[in-house]
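A short worksheet on the structure shown next.
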Ligand code: NOJ
């Protein structure tokens, strides 16, 4: 691991990006999953130094910011979403000096850094939880979590009927007989946000990373921190069906918003501040808030709360013009009154990659285990990305999607690490399929990921999908992303604003105007002929033009400039 001398100067300078206050409103934010991005020391696991070494690639790709999934000290029961020390880097990923160097280099390249904050639960190896367990019932440390006696004659039944999102009961009994709540794995005890020490601690953690120079936080399980008073029974065992469709006693409770109002004042203290270019630059929060509707999601991004929230309704939408138009309209209508930008996302580390989702029949949801028709999936994924990048607001890109990577659906059971895989009914436990380390080179032991193999095996097809194989190749998925990102940002400011002007279009086709750009997305299985709106800027497939008309093949998106 590299060593860098610590520099006391504040780490906030942004070299080349526009330092406008509202940079985040139309930013394209690239998610790095540190385990699987680049491995600098050959231990088969990605690390911060690996990420740092690949920052020029991200600058050249044309994204504005990088969101890093957790790299904190953690026993890795849930790939780092079980944090034992919020102010330390896990040795597997490096150390604080590596984090400092990464933030500095990113800023030097004009990239912003957003880190993951995990406030709903800690690791069971967190100091507080270890002491709470050791001190036994009555320990004041137990009040920082949700410890309860059990029900039944001898306390042998869990305190209520809540189930873990990963499967099985949301309660685990400790040897002294009490139970503690964990909405996720047993190694992830939920904090009790009613306890003032919890809030104090997280405000301090925010400041720690802001002082390190980060540009924002992605808030894990932002909808889960506050539980309904008395932890009431749900009264049903159909919890999974309700999740995301209903307000639950442990999700999307109104009390969470008080927490975010407090956090916002801290962030605002740090921003705007003067960058070296003399422009103000704002730090941001993005919420991972799974709520029943985009309207409820909008509550998280009111002007005095968080800045953005992931649009999971969009992520969960099939490749279907009607459904897409509905979710786009609904999102824009929900965000406009609160003045927050819409966000758009197609893939992340928790769902099947969109190249595989769209390779399968519609209606299967976001966790799919079959490869489907790969060619069709890739064609649709490219078209879907081009559609997403033409929409107003901020867009999220998950590492490897710019290479058109599919999910790896045939990982052997013995390599799986997703904690949900090891539990009963719940999430299906196949998230490892979207976490396979990404290929940088055509050949080599782990296709350039590192010199020592990779923690999840990469398929033989990875070489042809590598950065090396696609770089500079016209029509490759990587070049499509690069072109689209550069057109979006530098030439047409496509992400600006909060509305689209819909144009008449044949069935199965979306057509809209955004300033000088017209975007047409053909989600149908047949080619369509539409007017040529101007000069083609970029297309996800081969389009042909004749006599003022353009033939757009099936599952293809095109951008024209009319200006
Ligand atoms: C959401 C994260 O994205 C996911 O990976 C994690 O398992 C859960 N939150 C629990 O932290």
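The values are calculated or read from the model by the stated rules, or taken from the named source; none is laboratory data. All values derive from a computational prediction rather than experimental measurement. Positions of Cβ are backbone-derived with ideal geometry, glycine not excepted, and every protein chain shown enters the neighbour counts.
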Check your understanding: Are any of the residues in region 385-403 more than 16 Å from the ligand (Cβ to nearest atom) and over 29 Å from residue 306 (Cβ atoms)?
Key -> yes
Review point. What is the number of the single condition among (1) under 21 Å from residue 74 (Cα atoms); (2) crowded, with 22+ Cβ neighbours inside 10 Å that residue 223 does not meet?
Key: (1)
Point to revise | region 181-197, residues that are in contact with a strand residue (DSSP E or B) (Cβ under 9 Å, 6 or more places away or on another chain) and more than 16 Å from the ligand (Cβ to nearest atom) | key: 192, 195
Practice item. State the number of residues belonging to region 284-302 that are modelled with pLDDT under 95 and assigned to a loop (DSSP other than H, G, I, E, B). Key: 4
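From the list 106, 77, pick out the single residue that is away from the ligand (no atom under 13 Å from the Cβ) and either free of Cβ contacts under 8 Å to residues at least 24 places away in the same chain or not in a strand (DSSP E or B) (or both).
On the way: 77 fails: away from the ligand (no atom under 13 Å from the Cβ).
From the options 106, 77, the qualifying one is 106.
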Review point. Here are some residues: 82, 98. Which one is in contact with a helix residue (DSSP H, G or I) (Cβ under 6 Å, 6 or more places away or on another chain), buried (at least 22 other Cβ atoms within 10 Å of the Cβ) and within 22 Å of residue 206 (Cβ to Cβ)?
Key: 98
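Output the residues belonging to region 332-348 that are touching a residue at least 60 places away in the same chain (Cβ under 8 Å) and buried (at least 19 other Cβ atoms within 10 Å of the Cβ).
Our first condition is that a residue be touching a residue at least 60 places away in the same chain (Cβ under 8 Å); within region 332-348, this holds for 332, 335-336, 341-342, 347-348.
Result: 332, 335, 341, 342, 347, 348.
Matching residues to (1) modelled with pLDDT of 95 or more; (2) surrounded by fewer than 18 Cβ atoms within 10 Å (Cβ to Cβ):
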position	(1), (2)
192	yes, no
219	yes, no
243	no, yes
248	no, no
Review point. In the list 323, 262, which residue meets the criterion of being in a helix (DSSP H, G or I), surrounded by fewer than 20 Cβ atoms within 10 Å (Cβ to Cβ) and either in contact with a strand residue (DSSP E or B) (Cβ under 7 Å, 6 or more places away or on another chain) or touching a residue at least 24 places away in the same chain (Cβ under 8 Å) (or both)?
Key: 262
Exercise for review: Of the conditions (1) buried (at least 17 other Cβ atoms within 10 Å of the Cβ); (2) modelled with pLDDT under 95, residue 310 clears all except one; give me its number.
Suggested key: (2)
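How many of the residues in region 136-178 are surrounded by 13 or more Cβ atoms within 10 Å (Cβ to Cβ) and not in a loop (DSSP other than H, G, I, E, B)? Outline the logic, then answer.
We begin by selecting, within region 136-178, every residue surrounded by 13 or more Cβ atoms within 10 Å (Cβ to Cβ); these are 136, 139, 141-148, 150-151, 155, 157-174, 177-178.
Retained after the next criterion (residues that are not in a loop (DSSP other than H, G, I, E, B)): 141-145, 147-148, 151, 157, 163, 169, 171-173.
So the count comes out to 14.
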Exercise for review: Scan region 206-222 and report the pairs whose first residue is in a helix (DSSP H, G or I) and whose second residue is within 16 Å of the ligand (Cβ to nearest atom), with Cβ atoms within less than 6 Å and a gap of 6+ or a chain change.
Suggested key: 209/115
**Study point:** Among the candidates 499, 446, 394, residue that is farther than 30 Å from residue 332 by Cα and touching a helix residue (DSSP H, G or I) at 6+ places or on another chain (Cβ under 9 Å)
**Key:** 446
Study note, to complete from the structure: Among residues of region 349-363 being surrounded by 23 or more Cβ atoms within 10 Å (Cβ to Cβ) and either at positive phi or more than 16 Å from the ligand (Cβ to nearest atom) (or both), the residue farthest from the chain's Cα centre (by Cα) is 359
Revision key, fill the gap. When residue 70 is run through (1) part of a loop (DSSP other than H, G, I, E, B); (2) within 16 Å of the ligand (Cβ to nearest atom); (3) surrounded by fewer than 22 Cβ atoms within 10 Å (Cβ to Cβ), the failure sits at (3)
Check your understanding: Just a yes or no: is a residue in region 138-156 within 16 Å of the ligand (Cβ to nearest atom) and without any contact (Cβ under 8 Å) to a residue 24 or more places away in the chain?
Key -> no
Check your understanding: Would it be correct to say that residue 451 is in contact (Cβ under 8 Å) with a residue 24 or more places away in the chain, out of contact with any helix residue (DSSP H, G or I) (no Cβ under 7 Å at 6 or more places or on another chain) and away from the ligand (no atom under 16 Å from the Cβ)?
Key -> yes
